[in-house]
Structure formats: structure tokens, C-alpha cells
Amino acid sequence: MAPGISYDESGSLASYFGVTFLAIVLIPWTLSATRTKEKETLKPSAHAPRLEGETIYNPFEILGLSDRSSEKQIKKHYKKLSLQFHPDKIKLAENQTKEDAEQKFVELTKAYKSLTDEVTRENLAKYGNPDGPQQREDKIAIPQWVVEGKNSIWVLGAYGLVLGGGIPWVVGRWWFAQRKLTRDGILNPTAEIFFHQLREDTDFFSLISLLASALEFTAVLGGSKKRGSKKERKERQSKIDELEKILDQRKIEIGIEENPLMKKENRVVVTTAVAKRARALLWAHLLRIDLNDHQLESEKLAVLRVTPPLLSALLNISLAHNWLTTSLLCIKLQPALVQALPSDVSPLAQLPGITPEKGTELQIINKAEGVRWLEKWIKTEKKDVGPETVDVAKYWPRLEVVDAVFKVGDESLVTPSSIVELTFNCRYVYPTTPLSLLSKPKPLLPNGDIKETEEGEGGAADSVADVEESVTKVEEEKEKPTPVDVKEKIVEKVQEKSEIEGETKKKVEVPPNGFAHAPYWPQLRKPHFYVLLGDSKLDKVIVPPIKITDIPFPKPDGAPSEPKEYKLQFQAPPASNLYSFVAHWRSDTFLGGDVQVPIMLKVEDAPEVTESLEEDFDDDISEPDEDTLAGQMAMMRGEKVKPSGVHHQDDDSEEEEEEDSSSDEEGPKKRVRAYNEDSDTDSD
């Protein structure tokens with residue numbers, strides 16, 4: 001207890017505490033209860049509708065009162081005003097009429113009711129007017145002459161012209177414009193030319209000529225609109241003639257020529273001037289000819305921008321005939337145009353600073369062939385190329401197909417005409433990716449089963465793409481390490497040691513952003529792949545291609561990312577057999593980046609129920625039990641019944657006793673016969 005404080009044990013001060021507590025509660029309540037209850041008055045709302053003159057209806061202002069006036073004051077003031085402004089008692093002024101006096105008295109009465117009458121107050125609160133909702137008047141921004149009666153005929157005529165003529169004209173123009181184009185977005189006459197002139201043995205030269213015959217180039221290259229004078233036409237034609245001579249000479253230097261196996265009557269012949277001009281510009285792009293003419297350069301870029309839908313149309317027409325070789329050639333034309341190279345030159349020419357002739361030379365010297373042509377080249381000593389070439393080559397993506405399996409839902413058996421899915425996993429890898437980080441699946445058997453290899457057998461392939469390379473002799477693993485490889489390994493070891501000791505810092509190189517290296521293409525390009533199944537023996541497309549995108553690129557450190565799963569769905573053949581197909585992965589951006597894998601599909605009939613199982617099943621259903629009434633009736637008729645479980649157990653026990661007795665020695669048996677003999681002698 002604190003000093004100077006004591007408790008009142010007698011409780012004499014408790015009454016003071018109670019009175020104080022009650023006073024705190026009762027005094028405010030009493031004041032609020034006894035205060036004169038004033039009716040709540042309305043204040044003008046800022047959101048209320050405005051009257052004429054953009055003013056808010058304020059009854060206090062009309063009556064000449066303040067907003068805090070009580071109801072008693074309002075009634076008293078209104079009584080005074082009614083005596084003053086009543087129409088029967090008011091004295092009219094000089095310029096005042098009786099109607100004005102009556103209107104003034106009505107306004108006062110309305111303002112008074114809006115403060116005292118409940119209904120009027122509610123109307124004022126909801127609608128901003130004591131009389132309730134008023135007729136709304138909206139103004140439309142239409143010229144006055146439009147709504148005037150004397151101009152009604154002209155207005156109706158204009159409406160009829162717009163609705164009856166303008167809208168049908170717009171819709172008809174759109175409709176007929178759409179009818180001019182096919183589903184691929186090209187002109188119908190162009191599609192007709194492609195359909196009639198594309199053949200099964202079409203080669204690369206004829207395909208370029210057929211592409212140049214498209215009527216879309218007429219709008220790009222001018223046609224009849226840019227004929228100009230006779231002198232200008234001759235100058236343009238002379239430029240094209242000179243360019244064609246340069247192109248022919250360049251083709252001989254590179255060593256590309258027409259396919260001699262193609263029939264002469266199937267070759268595409270270019271007849272129009274626009275088609276010849278477009279063909280020359282396309283070949284100038286493919287052979288990387290410097291035109292040295294601003295107009296020709298701009299026309300060449302315009303021609304390239306038109307080609308994507310035309311290439312898709314050519315591919316679709318070839319797929320409609322199921323031509324495998326022609327379809328693959330149409331797909332191969334796309335990366336050829338993107339990289340500005342003919343399809344038959346060395347893929348090393350895609351790298352900066354390497355011409356087609358030099359690419360062929362490097363390919364032969366360094367044996368840079370097969371799927372891993374770039375890995376083989378990048379391991380060699382690169383003397384004749386610059387650092388830019390090496391930088392681009394280090395991040396040149398190569399498609400790696402990790403595995404490919406046929407699936408039919410959750411079943412392992414592929415039956416005739418069933419819906420089959422070719423499930424495969426893909427990813428990009430760089431040429432500098434170590435072989436130890438690449439996937440090494442085992443060779444695939446029919447329907448994706450993995451072949452088990454023993455210890456004495458050879459190792460698995462580095463990827464599914466090696467199945468194709470295994471057909472040819474691959475001697476990459478047998479090659480001895482070159483001095484350059486040893487030197488690179490020594491440098492790597494020194495760099496690792498220096499990083500550990502803190503002497504050097506690791507240099508981080510930023511990989512590309514997903515766009516392909518295509519400096520000759522007029523637009524940014526992201527690589528995609530076509531996936532299809534074909535039969536090389538019949539030269540037929542078995543499953544039309546799908547286009548896969550968003551293939552995972554390697555990680556920033558160069559390590560491969562997790563592969564992404566894709567599915568190619570199709571219907572299995574109607575007959576049971578072992579089918580040999582080739583799965584093609586064809587790039588639309590890179591030359592030499594294609595992958596093709598032989599794959600087998602085994603189609604088997606569904607297993608049938610055997611006759612013995614069917615008979616047993618029928619017997620189980622038809623034969624009744626022995627213990628049942630139906631079984632007893634069947635026994636009386638001499639039919640077969642199922643034996644009873646109880647009787648069957650008794651029979652088993654009797655058989656066991658007989659077996660036991662038969663398994664005894666000869667002694668007991670003789671005793672039985674002896675017992676019988678004694679009985680016979682006694683009877684005698």
C-alpha cells in the first residue's frame with residue numbers, strides 16, 4: 001500500500017461513488033431528452049438537378065431564412081409572408097400583374113411545404129424539386145436544318161442512300177476481296193499456277209521460277225503502273241539482262257546446276273517481264289550479289305517480304321499430293337531464302353565472313369559433315385576466319401531430339417486404325433556443349449522400346465539423331481586428339497586453377513535472345529521446325545507436318561536445358577504389319593539443321609479370347625449346382641451338374657483313405673487273406 005492512502009472499510013463513502021457514477025451517465029441523457037426537438041431541415045444538395053439559370057432549388061433562400069431555422073420559426077415566417085403576398089391582399093405594383101403575384105405566392109407555399117411536408121421533402125431530396133420528377137430534356141448535337149420539317153425529304157434520302165447503298169457496297173467489296181484470296185492468303189490465279197506447274201520431280205531451279213511466277217509480284221514490282229516511257233523500260237530490261245548474265249556466271253563458280261533427272265516438259269518456263277524480274281531478284285538474293293542500285297535493292301526486299309505466304313501455299317499443294325521429296329524441297333527453300341544461300345552449298349557459308357566457296361573448302365578439309373558439322377569444324381584450328389565468325393558459331397543452335405516414342409493412350413499395343421501419338425522431346429544445344437552433357441539414349445526398337453545392350457556390346461548413341469548417322473560410318477570417336485584439342489584443354493585447366501586462386505575473373509558471355517542470325521533477311525526471324533513422317537521407299541508423306549515453336553535454348557552457362565515434349569497425332573495404318581517410317585525435323589531458318597530418324601511402327605491385332613476359355617465360361621453359366629433344386633432336376637434328366645462342395649470333400653477323404661491303405665506294406669494284406677482262410681477252415 002502506498003503511503004498516505006487508506007481504505008474505507010466501513011463503506012461510508014460508497015454512496016458518493018454511486019452518485020458520481022450515476023451523474024456521469026444521467027446528466028448528458030437528461031440534457032438530450034429535455035432539449036427541444038427540432039425537425040431536421042434540408043440543405044441544398046450539390047448533386048441535385050439544377051433549375052433554369054443553373055441554380056439549385058433552395059427553399060430557405062426563397063423564404064428568406066437561414067439554414068438553421070427551426071420549424072417554429074419557419075411556420076411563423078411563412079404566416080407573415082402569406083399575409084403579405086396573398087393574391088387577394090397584395091397591392092400590385094406598377095409593372096406587376098396578378099399572375100406574377102399568384103406565381104410568387106405559389107413559390108412561397110412550395111418552399112414552405114418542402115420544409116414541413118414529408119412527401120414534398122422526399123421529392124426535394126430525390127429529384128431536387130418539390131413537385132417530384134420533372135420531364136428530362138436532352139440536347140443532341142445535330143444541326144438544326146436536319147430536324148427541320150422542310151428538309152425531311154432530303155434527310156430521308158440521305159439515310160436511304162447510306163443504308164441501302166453504302167453499307168452493301170462496303171460489305172460487297174470486302175466479300176469479293178476475300179474471294180480473291182485462298183486460305184493461305186494468296187491470289188486464286190497464283191494458286192492455280194502453282195497447282196498446275198508444281199510436279200513430283202520439281203527441282204530447286206524450277207521451284208524458284210515457279211515462285212517468281214506469282215501474280216503478287218506484279219503489285220510489288222509495278223507491272224503496268226510503272227511502265228513509263230519506252231526508254232525507261234529498255235533501261236530496266238537492260239539491267240535485268242546484265243544481272244542474269246552475272247547470275248549465270250556465279251552459278252557456274254559455285255557449282256550449282258539443274259537436276260538432270262527432271263523431265264524437260266516439267267520445267268517451269270517464265271514468260272512475263274515481271275516474273276523474269278522477280279526471278280532475277282530472288283537469285284541475286286540467294287547468290288548474295290551486290291546490285292549497286294538503290295531501286296533494285298528496294299525491289300528485292302519487297303519481293304522477299306511477299307514470299308512467306310507463297311512458300312506456305314507451295315508446301316500445302318505438295319502435301320495435298322503426298323509428295324515427300326517435293327514437300328521437303330519446299331520446306332528447304334525457306335531457310336535458303338532466310339540465309340541467302342542455295343540449298344546445296346555448305347552450311348558453313350551461313351557464318352559471317354565465309355563465302356560459299358570457302359565454306360565448301362573448310363567442309364572438305366575439316367570433314368565438317370553430318371548432323372554435327374559445326375561441332376567438328378569448331379574443334380579445328382580456325383586461322384582464316386575472324387573473331388565474329390567464331391562468336392556466332394559458338395551460339396549457333398542445333399536441334400537435339402532426345403527420344404521419340406509411339407503411344408496409344410495408356411496402352412502399349414498399337415492396333416489397326418487406332419489414334420497414335422508420336423511423342424518426342426526436343427531442345428537446342430550449342431556446338432561448344434560438352435558431349436558428357438548431351439543425352440545418350442539407347443537405340444529404339446519398334447514403338448519406342450529400348451534395346452538393352454550387354455557389357456560386351458558397343459555403347460549407346462549420343463542422341464536419337466545418331467540413328468541416322470549410324471547407317472554411315474562415323475569415325476568421330478576413333479579420331480585421336482589433335483594438338484589444338486590438347487592446347488584447349490590445357491588452357492581450360494589453367495583458367496579453372498586461376499579462378500580458384502582468385503587470380504582471374506570468369507568472363508560471362510551473353511547468349512542470343514532467341515532470334516536467328518539472318519543478316520540478309522529483311523525482318524527478325526525466330527527459328528521453327530516442321531515435324532512430319534514419311535516413307536522414303538514410296539516417296540510419300542505419311543503424316544502431314546506440324547510446326548513446333550518455343551524449343552528450349554541452353555542455359556546462360558551453355559548447359560542444355562530440360563527438353564520440351566511435343567506430340568504428333570495421326571491414325572495408325574488399317575492393316576497389321578511392321579512399318580518403317582522416317583521422322584523428319586526440318587528447320588525453316590537454318591541450313592544443315594535438319595534431323596531425320598528412321599523409326600518403326602508395329603501394328604498388331606487386338607488379342608482374341610480362346611475357344612477353351614469361351615467353353616468353360618459357357619459351362620459355368622449353363623451347369624447348375626448339385627445341391628440346388630435345379631441341379632436335382634437336371635440330375636434326374638441325366639444332364640451335367642456342378643458337384644457339391646460337401647460331397648466333393650467326402651469323395652476326396654475316401655480317396656485319401658484308399659491311397660493310405662494302398663500305401664501299406666504286404667504284411668497287413670496277408671493278414672486279411674489269412675483271416676479269410678481261417679474262417680473257411682472253421683466252417684468246414
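The values are calculated or read from the model by the stated rules, or taken from the named source; none is laboratory data. Keep in mind that this is a model prediction, so the values were computed, not measured. As a convention, Cβ positions derive from the backbone with ideal geometry for all residues, glycine included, and neighbour counts pool all protein chains shown. SASA here: full protein model, heavy atoms, side chains in, ligands and nucleic acids out. Shrake-Rupley method; radii C 1.70, N 1.55, O 1.52, S 1.80 Å.
A few points about this structure:
- Accessible area in the full protein assembly, largest first, 1.4 Å probe, for TYR78, TYR127: TYR127, TYR78
- Filter on LYS91/LYS113; LYS537/LYS567; LYS300/LYS567 - keep pairs with C-alpha separation over 28 Å: LYS300/LYS567
- Table column - 3J(HN,Hα) (Hz), the stretch 252-258, Karplus curve with 6.51, -1.76, 1.60, x for Gly and Pro: 5, 5, 6, x, 9, 8, 5
- The convex hull built on the alpha-carbon positions of the stretch 258-406 has an orientation-averaged projected area of 12.8 nm².
- Listed residue pairs exceeding 31 Å between alpha carbons, taken from LYS332/LYS394; LYS79/LYS126; LYS332/LYS382; LYS104/LYS150: LYS104/LYS150
- Isotropically averaged projected area of the stretch 142-210, using the convex hull of Cα atoms (one quarter of hull area), nm²: 7.7 nm²
- Checking every one of the GluC sites (Glu not before Pro) in the stretch 235-289 against DSSP loop status and a limit of 16 other Cβ atoms within 10 Å picks out GLU257, GLU258.
- Per-pair calculated FRET efficiency, R0 = 30 Å: LYS540 and GLU421 via Cβ, rounded to 0.05: 0.90
- Solvent-accessible heavy-atom area per residue, rounded to whole Å², over the stretch 208-298 at 1.4 Å: 61 Å²
- Label zone at HIS321, where the point sits 7 Å out along the Cα-to-Cβ direction: the stretch 540-584 residues whose backbone N lies under 18 Å: 540-545
- Sequence-ordered 3J(HN,Hα) estimates for the stretch 233-242 from the Karplus curve with 6.51, -1.76 and 1.60 and θ = phi - 60° stand at 5, 5, 5, 5, 5, 5, 5, 5, 5, 5 Hz, glycine and proline given as x.
- Using only side-chain charges placed at the Cβ, +1 for Lys and Arg and -1 for Asp and Glu, the dipole size of the stretch 363-407 relative to its Cα centre rounds to 140 debye.
- Applying the Karplus relation 6.51 cos²θ - 1.76 cosθ + 1.60 with θ = phi - 60° to the stretch 22-27 yields 3J(HN,Hα) values of 5, 5, 4, 8, 7, 4 Hz, where x marks Gly and Pro.
- Distance between modelled label sites at LEU83 and TYR159, nm, 7 Å Cα→Cβ extension: 6.2 nm
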